[in-house]
Amino acid sequence: MPSLTRSERASPALFGQSEKKDLSARADWSAYASAYDLLSEHNPDYKALLRDFETFLTTIEPPELIYDIGGGTGNYTQIAARCCPDSEIRLVEPDAGMTGLAQAKLAGFENVSYQTCGLEGVDAKGKADLVICVHALYAMPSQEQRLGELRRLLRPGGWLYLIDLGRYMNVADWRGYLFRSLREKLGLLGALRVFWQGREIAKQNTSILNAQKKGVYWTHSAEEMAAAVTDAGFEIVRQESVYRGYSDLLVCRAAPLEPGREDRS
Ligand SMILES: C[S@@+](CC[C@H](N)C(=O)[O-])C[C@H]1O[C@@H](n2cnc3c(N)ncnc32)[C@H](O)[C@@H]1O
């Protein structure tokens, strides 16, 4: 891993300061929501991430308080709610379309509550034992601050389960890969049907790519990701390249906060 100085690691370029950027170049999460769960049904790599998370839960003490930040349609919250029935789970998701689908999906779980806001507006009462943040950090402004907020949500020693898209979303590459995988599973007509149903996914992934290219969404290498979470006060327990090399998975523990970085909530 290349060693970067702290100022290099924390440079505005790395953290995608978005003040002067074209903020219209972002995904429409409500439009994405309508087709989002085709991923959990049909994308083998999305499913592999869900399985990894479920396995991870079996390796830790049952958490009392869990946040799912940028929880989307609630797929990670659903696993947490099923595997940790005694945990309190707070799903934080700013998009009303995504939240609506999560609420419908998770209606049977009494241990789940919702905050329809971004990480930057979260109501953080009590310290969490586990924070989940999957494929959401790259879409937020000012990742350095956001990582600091993720750290302050946790008690020292608490877990961060973080997956983030780091590399450019190559839509043609994903399209070819998913089509081959669907054709194998469902035949040509079945694959075409799912592609038609999921056309909003391709559209929104193209928006994500455009936002990445304009620097509105954060892109990073595995090394930059590791440096950013370490700077924010985490110890990395496991790091892997996942999602066909597009994303980084990091399982981290919250280190004790340095003086002056304490949570005031
Ligand atoms: C690609 S989806 C991931 C959803 C879910 N974590 C999953 O993996 O299935 C990204 C989510 O991040 C949310 N998001 C965007 N900006 C956010 C912010 N500032 N704070 C929290 N979530 C945010 C979006 O609304 C969207 O639902």
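Each value in this text was obtained by applying a stated rule to the coordinates, not by laboratory testing. Model, not experiment: these values are computed from the prediction. Backbone-built Cβ (ideal geometry, glycine too); neighbour counts: all protein chains shown.
Structure data summary
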quantity: Pairwise FRET efficiency - Ala104 versus Lys127, Cβ, R0 = 25 Å, nearest 0.05; calculated: 0.25
quantity: The chain pair-distance distribution - Cα-Cα, 10 Å bins, rounded %; calculated: 7, 30, 38, 21, 4, 0, 0
quantity: Lysine pairs with alpha-carbon atoms under 30 Å apart, the chain, spacing 8 or more or separate chains; calculated: 19
quantity: Whole-angstrom gap from the range 167-191 to the range 52-83, using each part's C-alpha centre; calculated: 28 Å
quantity: Proximal charge balance of Ser247 [Cβ under 11 Å; K/R count +1, D/E count -1]; calculated: -2
quantity: Residues whose placed amide H lies under 5 Å from that of Leu130, excluding near-sequence neighbours; calculated: Leu65, Tyr67, Trp159
quantity: Phe234 long-range amide H proximity, modeled H, under 5 Å; calculated: Ala255
quantity: DSSP-defined antiparallel bridges as percent of all bridges, the chain, nearest 5; calculated: 45 percent
quantity: Backbone N within the range 138-165 under 18 Å of label point (7 Å from Glu200 Cα along the Cβ vector); calculated: none
